[in-house]
Amino acid sequence: MKIIFLGIQGSGKSTQAKIAAEKLSLPYIETSQLLREKSNGEDEDAKQIANAFEKGNLVVDEITIRALKERLKTKDCQKGYILDGYPRNEIQFQNLDSDIGRVFYVKVSDEEAIRRLSKRARHDDTGKALKRRMDLYHRQTEPVLDKFREKGILEEVDGERSIKEIAKDIESKVLNYAKKHAG
């Protein structure tokens, strides 16, 4: 079972993706963490990733896609995986596995996301940086949601509830999907 979790920064998508991965015993893959790990290497990709992080830029799609494809070839991903926050744009969408089962869009308003993010106080969560990341999300990632909607695999989830309520909602949707596709 291959599942993707998408949502604006602060939506709680990572929390929900981790809960689902644990319940389903599937590997949890978050591309920024994957890239951070890869940036410690010695090859050209590692140098470019480290350079992008140092400057506060996004890692180029080509490297992100290559790193993810390498990770998805590992043995623990053969029965499926949970992807957190990927794909972020059209190019990444085009390079996805074609057999993604479900995409959960954890939907919250920008105001709610900002409220949540302002509580967590990370050094890169300045007002200006948050606005830039949110604008980028609306411009590049939201159109990808429509593509998943067209494929009939997008599940919108109200992210402005408790963590437990959202997790229960997602679990029932995953179980329904699994029942329909068993056998």
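Every read-out reported here was derived from the displayed coordinates using simple, explicitly stated rules and does not represent laboratory data. This structure is a prediction, so every number in the text was calculated from the model and none was measured. A quick note on method: Cβ atoms are made from the backbone with ideal geometry, for glycine too, and the neighbour counts reach across all protein chains shown.
Of the trypsin sites (Lys or Arg not before Pro) in the stretch 33-116, the ones in a loop by DSSP (not H, G, I, E or B) with at most 14 other beta carbons within 10 Å are 73, 79. Full extension of the chain segment joining residue 55 with residue 98 gains 12.2 nm, where the gain is 0.36 nm per residue of separation less the Cα-Cα distance. Taking 37 °C and 0.692 mPa s as conditions, the stretch 12-56 diffuses translationally at an estimated 276 µm²/s according to Stokes-Einstein applied to its Kirkwood radius (Cα pairs).
Taken over the stretch 118-183, the percentage of Cα pairs per 10 Å bin, counting from 0 up to the bin with the maximum distance, is 17, 28, 37, 14, 4. Distance distribution note for the stretch 19-91: the fraction of Cα pairs above 18 angstrom is 41%. Under the criterion of Cα pairs below 8 Å and six or more residues apart, the relative contact order for the chain equals 33 percent.
Mean residue ellipticity at 222 nm, helices only, the chain: -16000 deg cm²/dmol; runs of at least 4 DSSP H residues each add -39,500 (n - 2.57), and the sum is divided by the number of residues. Note on the stretch 73-150: Rg/Rh from Cα positions, Kirkwood definition for Rh, rounded to two decimals, is 1.03. Of the GluC sites (Glu not before Pro) in the stretch 1-85, the ones in a loop by DSSP (not H, G, I, E or B) with at most 12 other beta carbons within 10 Å are 42.
Of the residues 86, 167, 141, the one whose Cα sits farthest toward the positive end of the charge dipole of the chain, with +1 on the Cβ of Lys and Arg and -1 on the Cβ of Asp and Glu, is 167.
When only the Cβ of Lys, Arg, Asp and Glu is charged (+1, +1, -1, -1), the dipole of the chain relative to its Cα centre reaches about 440 debye. How much of the calculated P(r) for the chain lies past 30 Å, in percent of all Cα pairs? The calculated P(r) of the chain puts 17 percent of pairs beyond 30 Å.
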